[in-house]
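Pasting in a structure now, in structure tokens, and then I'll have a few things to ask.
The values are calculated or read from the model by the stated rules, or taken from the named source; none is laboratory data. These numbers come from a predicted model, not from an experiment. Note that each Cβ is placed from the backbone with ideal geometry, even for glycine, and that neighbours are counted across all protein chains shown.
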């Protein structure tokens, strides 16, 4: 049975029990959230020895890191290094977005490299197989690749089921058009073939596969805004509406499902965007890229994404996909991966505090107590980025261990008798 089916029958599975312990909540409360479809535990039955996570608005926000090969760099060794970097930086999940090389072998090797929850975008393998030719893509293969990856143990998959032929007229009016890599392939394929998107037309087949392996479906935002000017347009709204239909269909089949979202969104629209998605998609967990609150942060897009991610998380997003400093510019390296994960974790933690998650609030209280007591090692161990905080402290040339080199003897927190 899937985790959703267990929860509907009030069965506390080992996975529910494990996640409840990690979240410090009653497992029955967690099971209720899963039964309502507001929470998911991505856990393919064919994958063992993974770190289980719960994703939902009442839980701590989780962070995903994207890795994967490209035509300009198909080294599995490099991607393994980045996968390890994501794990060490505190990511909760990784997605393999590889589009070059032997993708099945790459996927299996990366899954064996990390215990993190593992996701993919099946249409990417179709892209790699077709070598850029729309003529070489078939609807049957688009469905078949989902089953292949499910058998291999993938925990969650992005399925672009919300972009259909009825959205095509809206896309031509956009500033940036379709910026989703997978969504653009489906869009071009529909225009070229005159056929409907198989992921929507054959969504029942997709659910059958997900049900068999307890794959969590992540409904992909093929029409997410790639520029602030496109946020909230008719193309995006049409996709959100269709994703809501698919949420209901998946839940009715016992399939766990979450919904992906923007993208580039100005800060003043973020609250309404999250509220729209939660309403139209029946409070399915929201998995958001960023969101980026400005288009002009090239080289610093992880900061723009962290700002948007903190706001979106506070408003109810459950899962943040990191954005690295290399976004829009190049394939990220190991350091970019670390920076992206840390920025997203800061955003998620800030939102958790704002939401009133007790464990998040207590972590900050503990850290402040350590700071007040000049407990440097305690602070290093508890910091969101222990490595960088320790490096900065070691850079200090001040000899007095009770202060830092910024204030020295004038430290505001030194005991009165030492002033």
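Since residue 262 meets every condition but one in (1) within 30 Å of residue 303 (Cβ to Cβ); (2) at pLDDT 95 or above, which condition does it not meet?
(2)
Please specify each residue of segment 258-280 satisfying the condition of being in a loop (DSSP other than H, G, I, E, B) and under 21 Å from residue 64 (Cα atoms).
Residues satisfying the conditions are 262, 263, 265.
Can you spot a residue in segment 100-113 that is crowded, with 21+ Cβ neighbours inside 10 Å, closer than 23 Å to residue 203 by Cα and touching a helix residue (DSSP H, G or I) at 6+ places or on another chain (Cβ under 9 Å)?
Checked segment 100-113: no residue is crowded, with 21+ Cβ neighbours inside 10 Å, closer than 23 Å to residue 203 by Cα and touching a helix residue (DSSP H, G or I) at 6+ places or on another chain (Cβ under 9 Å).
Quick check on segment 154-163. Is at least one of its residues on the phi < 0 side of the Ramachandran plot, crowded, with 19+ Cβ neighbours inside 10 Å, part of a helix (DSSP H, G or I) and within 25 Å of the chain's Cα centre (by Cα)?
No - not one qualifying residue is present in segment 154-163.
For (1) modelled with pLDDT under 95; (2) under 19 Å from the mean Cα position of the chain (by Cα), each residue gets a yes or a no:
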position: 344; (1), (2): no, yes
position: 347; (1), (2): no, yes
position: 352; (1), (2): no, yes
position: 371; (1), (2): yes, no
position: 381; (1), (2): no, no
position: 400; (1), (2): yes, no
position: 403; (1), (2): yes, no
position: 414; (1), (2): yes, no
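Select, from 26, 74, the only residue that is at pLDDT below 95 and either surrounded by fewer than 24 Cβ atoms within 10 Å (Cβ to Cβ) or not assigned by TED's automatic domain parsing to the domain that holds residue 348 (or both).
74
Every residue in segment 351-374 that is surrounded by 15 or more Cβ atoms within 10 Å (Cβ to Cβ), out of contact with any helix residue (DSSP H, G or I) (no Cβ under 8 Å at 6 or more places or on another chain) and either at negative phi or not in a loop (DSSP other than H, G, I, E, B) (or both), please.
Result: 357, single match.
Which numbered condition trips up residue 310, out of (1) touching a strand residue (DSSP E or B) at 6+ places or on another chain (Cβ under 7 Å); (2) part of a helix (DSSP H, G or I); (3) under 25 Å from residue 386 (Cα atoms)?
(1)
Pick from 234, 204, 208, 230: which is assigned by TED's automatic domain parsing to the domain that holds residue 57 and under 25 Å from residue 16 (Cβ atoms)?
That would be 208, the only listed residue that is assigned by TED's automatic domain parsing to the domain that holds residue 57 and under 25 Å from residue 16 (Cβ atoms).
Looking for something over 29 Å from residue 308 (Cα atoms) and touching a residue at least 12 places away in the same chain (Cβ under 8 Å) - is there at least one such residue anywhere in segment 222-240?
no
With the requirement that a residue be crowded, with 16+ Cβ neighbours inside 10 Å and assigned to a loop (DSSP other than H, G, I, E, B), what does segment 178-199 give you?
Within segment 178-199, 178, 179, 180, 197 meet the criteria.
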